[in-house]
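The values are calculated or read from the model by the stated rules, or taken from the named source; none is laboratory data. Values in this document were obtained by computation on a predicted structure and should not be read as measured data. When we count neighbours, we look across all protein chains shown, and the Cβ atoms used for this are built from the backbone with ideal geometry, even at glycine. What goes into the accessible areas is simple: the full protein's heavy atoms, side chains included, and nothing from ligands, DNA or RNA. Shrake-Rupley method; radii C 1.70, N 1.55, O 1.52, S 1.80 Å.
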Amino acid sequence: MGSGRIWEIDFFRVMAIILMVIFHTVFDLNRFVGIGINYLSGFWYWEGKTSALIFIFLAGISSGFSNNSISRGSKVLAYGMMITLVTYIFFREQYVRFGILHLLGISMILFPLFKKMNNMLLFISSAVIALTAIPLKNTMVKTSLLLPFGAVYKEFVTVDYYPLSPYLSMFLLGVLAYKMYYYKKQSLYEFNYENKYISAISKNSLAIYLIHQPIIISAIFLFKFLTRSS
């Protein structure tokens, strides 16, 4: 491919972005407008989770294309810490301790280690990490230090939580997909549906993630102000 990009990865990343924007719009309408949309279960819950799982899986693949996954992971983790600070200011007790950017940042930093693992060990590790979420879900601890691993304390609430168990398992499956299919850094398909707009959106997915919420929230408050004024 002339651009060096893999069209299906860009395509699915853009699909994840669209799902993410829709979910966060639903979340913001509930929180800031009071519209009774249930995003904690049912359709909207799984719509949001589907977006996140696609992002995590593709991050595992894309880490193999990075010249320095440790550097990129450190950057993503730093943005995650920035979100922690911002949400602490605005949401206080529901601030983000370990959200999806924290998960992705740490996963990318660890990618060189995962890459050295053989494929069977990767698959087994993914399954074990996913299964450990079952006992952890019903386990309460008395410290916040175990939050990154999926163990929560009784009063824990947050607007974004993606612990290593079970979500690291999706990243490992992405690493496995890279090692088995994408190590040649080319599409799995003989046909090419590359689109420059989709590629541009996919390439700037991190920037979109960081700015889309302020834009959505600003639009909601602007609409509320205009409707009240009229």
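Considering only the other residues whose Cβ falls under 15 Å of the Cβ of Asn195, what net charge follows from Lys and Arg at +1 and Asp and Glu at -1? Present the calculation step by step, with values, prior to reporting the outcome.
Working: positive: Arg5, Arg13, Lys196, Lys203; negative: Glu8, Asp10, Glu194.
Net charge around Asn195: +1.
Leaving out ligands and nucleic acids, note down the accessible area per residue over the chain with a 1.4 angstrom probe, in whole Å². Spell out each step's value before the answer.
Working: 13310 Å² over 230 residues.
Counting only protein heavy atoms, the per-residue value for the chain is 58 Å².
Setting aside same-chain residues fewer than 8 positions from Lys49, which aspartates and glutamates have a Cα under 13 Å from its Cα?
Asp160
Can you give the charge dipole size of the chain about its Cα centre, rounded to the nearest 20 debye, using +1 on the beta carbon of Lys and Arg and -1 on the beta carbon of Asp and Glu?
Details: 20 positive and 9 negative charges, 80 e Å.
It comes to approximately 380 debye.
First compute the accessible area of the stretch 164-225 with a 1.4 Å probe, then give the percent of it belonging to carbon and sulfur atoms. Write down the numbers at each step before the final one.
Details: 2530 of 3870 Å².
Carbon and sulfur: 65 percent of the exposed surface of the stretch 164-225.
So which lysines pass the test for Lys154, namely a Cα distance under 21 Å, with those fewer than 8 places away in the same chain ruled out?
By straight Cα distance, Lys154 reaches Lys137, Lys142.
What does the charge count around Asn68 come to, taking other residues whose C-beta lies under 14 Å from its C-beta (Lys +1, Arg +1, Asp -1, Glu -1)? Write down the numbers at each step before the final one.
Details: positive: Arg72, Lys75, Lys115; negative: none.
Residues near Asn68 contribute +3 overall.
To the nearest 500 deg cm²/dmol, what mean residue ellipticity at 222 nm is calculated for the chain from DSSP H runs of n ≥ 4 alone, each contributing -39,500 (n - 2.57), summed and divided by the residues? Intermediate values should be presented prior to the final figure.
Values: 8 runs with 149 residues, N = 230.
Result for the chain, helices only: -22000 deg cm²/dmol.
Test of understanding: in a Gaussian network model of the chain with alpha carbons linked when under 10 Å, which of Tyr95, Tyr193, Tyr162 would top the mean-square fluctuation ranking?
Per the Cα network of the chain with a 10 Å cutoff, Tyr193 tops the list.
Once you sort the root eigenvalues of the Cα gyration tensor of the stretch 149-208 as a ≥ b ≥ c, which label holds: rounded (a/c under 1.5), prolate (a/b larger than b/c) or oblate (the other case)?
On the way: a/c = 4.77, a/b = 1.79, b/c = 2.67.
Oblate.
List the longest stretch of the chain that has no exposed loop site; here a site is one of the trypsin sites (Lys or Arg not before Pro) assigned by DSSP to anything other than H, G, I, E or B, with at most 14 other Cβ within 10 Å.
No qualifying site falls inside 1-141, the longest such stretch.
Going by a ≥ b ≥ c, the root eigenvalues of the Cα gyration tensor, does the chain fall in the rounded group (a/c under 1.5), the prolate group (a/b larger than b/c) or the oblate group?
Details: a/c = 1.99, a/b = 1.22, b/c = 1.63.
It comes out oblate by the Cα gyration axes.
Going toward the positive end of the dipole of the chain, with +1 on Lys and Arg Cβ and -1 on Asp and Glu Cβ, which of Pro214, Phe23, Tyr39 do you reach last?
Of the listed residues, the answer is Pro214.
With +1 assigned to the C-beta of every Lys and Arg and -1 to the C-beta of every Asp and Glu, and no other charges, what is the dipole magnitude of the stretch 15-126 about the Cα centre in debye, to the nearest 20?
On the way: 8 positive and 3 negative charges, 68 e Å.
Result for the stretch 15-126 is approximately 320 debye, rounded to the nearest 20.
Ignoring ligands, DNA and RNA, please state the percent of accessible area on the stretch 49-118 from carbon and sulfur, probe 1.4 Å.
With neighbouring chains kept in place, the figure for the stretch 49-118 is 66 percent.
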